[in-house]
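The structure appears below as structure tokens.
Derivation of every value follows stated rules applied to the coordinates shown; laboratory data play no part. Just so we're clear, the structure is a prediction, and the values are computed from it rather than from any experiment. Using ideal geometry, Cβ is built from the backbone for each residue, glycine included, and neighbour counts are taken over all protein chains shown.
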Amino acid sequence: MSDPAHRAITQTPRPRPGLYTLHTDGGIVAAPGQPAGEAAIGSALKNAANLLVEAISRSIGHVGDHHVAEFQALIEGLRMAKRHGVDKIRVFTDSDLVVRSVLDDIKLRSVEHRELRDEARELYWSFTDRKLSWVPREMNTEADLLASAALPIRPARG
């Protein structure tokens, strides 16, 4: 018979009480007229008291367009919320395409966009209580600043 003190106990973490908010944004530095460039993501998770739980500000390298960064920001933000045991969430992004594609079945031409949408959708629907909303950029300042802080500095024009 094994010693009960040495048995590993595994449990699913209990959902944290309260409604959490998540603001996400993606940014890109691209050459004028080009969709591709170096990208970064920003996400800020706050608890019911509007206190910051965790934030992400990270470069994601070269991407084909800014929509990739927007999807990645949402995905990483939702993963962050899951790590914290969040089950009730309100998500805000300034990407209309991300909101419409996660909530509705709009047609996306890019295979990469469809794959990212599917991943974001699966994560989003795993929360018991959820709402995803578009907000104007001015109402997404914190996530925008987090994404911008991880972007490479644009070269000065001469």
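Here are some notes:
- Net charge contributed by nearby residues that have their C-beta within less than 14 Å of Ser57 (K/R +1, D/E -1): -4
- Distance between the 7 Å Cα→Cβ label points at Ala36 and Glu112: 0.8 nm.
- Asn47 paired with Ile153, simple spin-label distance in nm, labels 7 Å along Cα-to-beta-carbon: 3.7 nm
- In summary, the helical segments of the chain meeting the span-like criteria, namely a full DSSP H run, a Cα extent along the axis of 20 angstrom or more and a mean Kyte-Doolittle hydropathy of at least -0.5, are 66-83.
- Between region 35-52 and region 102-124, the C-alpha centres lie 19 angstrom from each other.
- When the helices of the chain are scored as -39500 (n - 2.57) per DSSP H run of n ≥ 4 and the total is divided over every residue, the value at 222 nm lands at -10000 deg cm²/dmol.
- Aspartates and glutamates with Cα under 18 Å of Lys88, excluding same-chain neighbours fewer than 8 positions away: Glu54, Glu76, Glu122, Asp129
- Other residues with beta-carbon under 14 Å from the beta-carbon of Glu112 carry, at +1 per Lys or Arg and -1 per Asp or Glu, a net charge of -2.
- Taking 0.36 nm per residue of separation and subtracting the Cα-Cα distance, full extension of the segment from Trp125 to Leu145 would add 4.5 nm.
- The value of relative contact order for the chain, using C-alpha pairs under 8 Å at least six residues apart, is 30 percent.
- Annotation: lysines with alpha-carbon distance below 25 angstrom to Lys82 (same-chain offsets under eight excluded): Lys46, Lys131.
- For the chain, built as a Gaussian network whose Cα springs stay under 10 Å, the top-fluctuating residue of Val99, Val111, Val135: Val111
- Highest mean first, the peptides 31-38, 19-26, 127-134 sorted by other C-beta atoms within 10 Å per residue fall in the order 19-26, 127-134, 31-38.
- In the list [x] 122; [y] 152; [z] 163, the label attached to volume of the Cα convex hull per residue in Å³ as derived from the coordinates here is [z].
- What you get for the chain, charging only the Cβ of Lys and Arg (+1) and of Asp and Glu (-1), is a dipole of about 300 debye around the Cα centre.
- Considering only the chain, percent of DSSP beta bridges that pair antiparallel, nearest 5: 60 percent
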